[in-house]
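A quick write-up on the structure given underneath.
The values are calculated or read from the model by the stated rules, or taken from the named source; none is laboratory data. Computed from a prediction, not measured in an experiment: that's the story for all the values here. Neighbour counts run over all protein chains shown; Cβ positions are idealised from the backbone, glycine included.
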Amino acid sequence: MRNSKARDFTVGFFVLVGLGAIAYLSFRIGGLNHPGRGGIHLFAKFDSVADLRPQAPVQLAGVTVGQITSISLGDDYRARVDFIVGRDVKLPVDTEASVVTAGLLGDRYLALDPIGSEEGFLKDGDEIAYTQKALVLENLVGKFLTNVEDKGPEK
């Protein structure tokens, strides 16, 4: 029979490795390790953000470059979205931000589109002035149905 101390040590070692792997995956999936940490803090104001949530990704050309830190209601009754992008991402002053849905019924994220017609780059604490509100599928269907009912049946 094997020495019980060696067996106990081996079992304990594998248990610790397993717990470490679970902790690592929890932090990765939970969004605590994102590319925007320590980056440039920016904000944008929207008429509607629909279901956009904090910790949602910020994407540029389909690549995640940051994360939303908070969403609040401003004094002007518009939604203020604060987010962080990596320091290595240089965004032109005239960058446009829009709330986009991943797929037909997917999660919402913030998409950045650098237009680049103006000189200069956004700095820490700057506002993105050009925004597009979220496109809400329910509103589109409602407008379509209302439009069909107003016209009535064709003769």
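Rundown of residues vs (1) touching a helix residue (DSSP H, G or I) at 6+ places or on another chain (Cβ under 9 Å); (2) among the hydroxyl-bearing types (Ser, Thr, Tyr); (3) within 22 Å of residue 38 (Cβ to Cβ); (4) surrounded by fewer than 18 Cβ atoms within 10 Å (Cβ to Cβ), yes/no style:
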{"position": "54", "(1), (2), (3), (4)": "no, no, yes, yes"}
{"position": "66", "(1), (2), (3), (4)": "no, no, yes, no"}
{"position": "74", "(1), (2), (3), (4)": "no, no, no, yes"}
{"position": "78", "(1), (2), (3), (4)": "no, no, no, yes"}
{"position": "91", "(1), (2), (3), (4)": "no, no, yes, no"}
{"position": "107", "(1), (2), (3), (4)": "no, no, no, yes"}
{"position": "110", "(1), (2), (3), (4)": "no, no, yes, no"}
{"position": "116", "(1), (2), (3), (4)": "no, no, no, yes"}
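Does residue 16 satisfy being over 16 Å from residue 129 (Cα atoms), at pLDDT below 85 and out of contact with any strand residue (DSSP E or B) (no Cβ under 7 Å at 6 or more places or on another chain)?
no
For segment 37-70, give me each residue that is in contact with a Phe, Trp or Tyr (Cβ under 9 Å, 6 or more places away or on another chain) and among the hydrophobic types (A, V, I, L, M, F, W, C).
42, 43, 44, 52, 56, 58, 68
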